[in-house]
Amino acid sequence: MIRIRNLVIDGQCVMAPLAGYTDSPFRRIVRKHGAAMTVTELASADGIIRGIPKTMQILRFHDSERPVSIQVFGNNPGIMAEAARVVESLGPDCIDINMGCPAPKVCRGGEGAGSALLRDPAQVFAVVNAVVRSVSLPVSAKIRIGWDDRQKNYAEIVRALESAGISMITVHGRTVHQKYTGMADWSVIREIKEMASVPVIGNGDIGSHDEAIARLRESGCDAVMVGRGALGNPWIFSGTVPDWTTRVDQMRDHCRLMVDLYGDYGVILMRKHFSKYIHGFRHASRWRERLIRVTTPDQARVLLESMREMCLEGLPPG
Ligand SMILES: Cc1cc2nc3c(=O)[nH]c(=O)nc-3n(C[C@H](O)[C@H](O)[C@H](O)COP(=O)(O)O)c2cc1C
């Protein structure tokens, strides 16, 4: 359990922010399956203070997602502080500062934001300190282990974060240069856990519940964070192995939540989730072909109904 002021993370496996996937419906689902905390996808500090509708939409959450953290990116201390005050007024449990996103549109420009911040520990200090001073919520940061193989400056970054008043650090065990290639380096995550005075959450390449437990034990981290491994598999948090009827029911419930929030467009947004849930299903590629073409809630319902019947008829998928 992690306890930071009013934030209580009651469990040791949390859901990672995944832009394009971890919206409110998805976060509600993983919380129900045992994720100990959820985080919104990254939202631009600039967009927040300008009230850009697309950005503001990212910040919406439902009470059942709590504890929920809102993730913000930016490199200007003043703008970040102002954005943090707006975020705080929305009532999340934590504010997370993104220092791990390698996408050019986030890192762009001289010092840049997202993972580009890691190249400049003084700027890390300035940004985090400004945010910490402007709100009373706990402030956490999500970092990578360095810029590239030659600049693994995590020790310096951790010191900068701590002296700026950070409450918790999540470490994705890759360099920025690696993007998503190679493997996360859990020995560095362990080293960071040993040196840090605040709770540390380890992240990278956890593909199963057992792996989550093993990583937790080996690294000594306070919690681990699962990202891609939870797509189409929210059961990764509970460790249960659902039968295929249960999986199809989950697809249906997920789709309903999407339509409730986005209207019919929710079905289009649901396609990428369908294609994850369907992994391992009998004749998966044929079903996937059909699921990724649905355009209305009715079409989705009919398809899922026939999948369900197939499961009930004892034609086990896989
Ligand atoms: C599609 C996608 C979107 C992501 N979006 C975010 C994001 O918004 N904020 C963030 O801090 N990390 C983001 N990440 C990084 C993940 O949170 C996580 O650190 C990374 O995927 C490694 O964990 P995993 O191997 O369990 O997926 C994203 C990763 C992916 C694949």
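A few points about this structure:
- Mean projection of the Cα convex hull over all viewing directions, computed for the chain: 15.6 nm².
- Excluding same-chain neighbours fewer than eight residues apart, the lysines reachable from K193 by a Cα-Cα span under 19 Å are K142, K152.
- Unit charges on C-beta of K, R, D, E only; dipole of segment 244-312, Debye: 340
- Across segment 72-231, C-alpha contacts under 8 Å between residues 6 or more apart give a mean separation that, scaled by the residue count, equals a relative contact order of 18 percent.
- Using the Cβ of G232 as centre and a radius below 9 Å, the other residues enclosed give a net charge of +2, where K and R count +1 and D and E count -1.
- Coil-residue GluC sites (Glu not before Pro) of segment 221-318, DSSP, other Cβ within 10 Å capped at 13: E313
- Rel. contact order, % - alpha carbon contacts under 8 angstrom, at least six apart, the chain: 14
- Relative contact order [Cα under 8 Å, 6+ residues apart], segment 161-318, whole percent: 17
- Distance from the Cα centroid of segment 204-222 to that of segment 142-191 is 17 Å (rounded to whole angstrom).
- FRET efficiency, E218 to R252 (Cβ-Cβ, R0 25 Å, nearest 0.05): 0.10
- Close amide-amide hydrogen proximity is noted between C101 and S115, each under 5 Å apart and 5 or more residues distant or on a separate chain (H modeled in the peptide plane; Pro and chain starts excluded).
Each reported figure results from applying straightforward, stated rules to the coordinates on display, with no laboratory input. Note that the coordinates shown come from a computational prediction; the quantities given were computed from them, not determined experimentally. In this analysis, Cβ positions are derived from the backbone assuming ideal geometry, glycine residues included, and neighbour counts consider all displayed protein chains.
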